[in-house]
Amino acid sequence: MYTFEDLVNITNKLRSHEGCPWDREQTYESLKKCLKEESGEVLEAIDHKDMENLCEELGDVLFLVMLYSRIAKEAGDFSIEDVVNGICEKMIRRHPHVFGEKKDHLQQEGQALWDAIKKQEKALQKCEKP
């Protein structure tokens with residue numbers, strides 16, 4: 001089985017000068033249509049309860065995340081490692097009922113806590129912007 005590291009290496013190779021011309025010429029804008037289409041195909045697979053297709057379509061969406069992240073790395077903005085780190089930090093921060101001291105909760109309490117933390121984060125972001 002291939003690993004996440006293999007996917008990073010494949011993406012890097014495709015975007016390299018020795019890689020694929022189509023992958024090299026992609027931009028944030030050019031990939032928007034692909035992301036919309038692939039996301040729609042994920043939803044369709046879910047609607048049809050087609051798990052084999054869902055697995056494939058999620059892979060397509062993941063590859064687009066990889067391409068977007070590689071384009072960003074080439075521009076010096078962020079990397080896939082930054083994306084992974086950011087989502088890990090967010091999930092831990094927004095789930096103190098799982099990763100913090102208090103472990104017992106009802107689903108509604110977890111959702112309320114998530115919403116409250118998200119609201120606080122958005123308010124802080126507004127304050128931090130110049």
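The values are calculated or read from the model by the stated rules, or taken from the named source; none is laboratory data. Given the structure is predicted, the values throughout are model-derived calculations rather than measurements. We place every Cβ from the backbone using ideal geometry, glycine too, and count neighbours over all the protein chains shown.
Can you give me the ranges of the helices (runs of 4 or more DSSP H) entirely in region 43-102 with at least 3 residues that are loosely packed, with under 12 Cβ neighbours inside 10 Å?
Numbers: elements: 51-75, 80-93, 96-99.
Because the criterion is at least 3 residues that are loosely packed, with under 12 Cβ neighbours inside 10 Å, the helices (runs of 4 or more DSSP H) in region 43-102 that meet it are 51-75, 80-93.
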### Every pair of residues 6+ apart whose Cβ atoms lie under 9 Å, when the first sits in region 9-23 and is at negative phi and surrounded by 14 or more Cβ atoms within 10 Å (Cβ to Cβ) while the second is of a type outside the set (Ser, Thr, Tyr) and part of a loop (DSSP other than H, G, I, E, B)
12/19; 14/20; 15/26
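If you go through region 91-110 one residue at a time, do you hit one that is at pLDDT below 95 and closer than 26 Å to residue 2 by Cβ? Don't jump to the end; show me each part of the working.
Quick first cut of region 91-110, residues at pLDDT below 95 only: 91-110.
Remaining after also requiring closer than 26 Å to residue 2 by Cβ: 91.
Yes, there is a match, as at least one residue in region 91-110 is at pLDDT below 95 and closer than 26 Å to residue 2 by Cβ.
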### Query
Which one of the conditions (1) within 27 Å of residue 118 (Cβ to Cβ); (2) in a helix (DSSP H, G or I); (3) aromatic (Phe, Trp, Tyr) does residue 22 fail to meet, given that it meets all the rest?
(1)
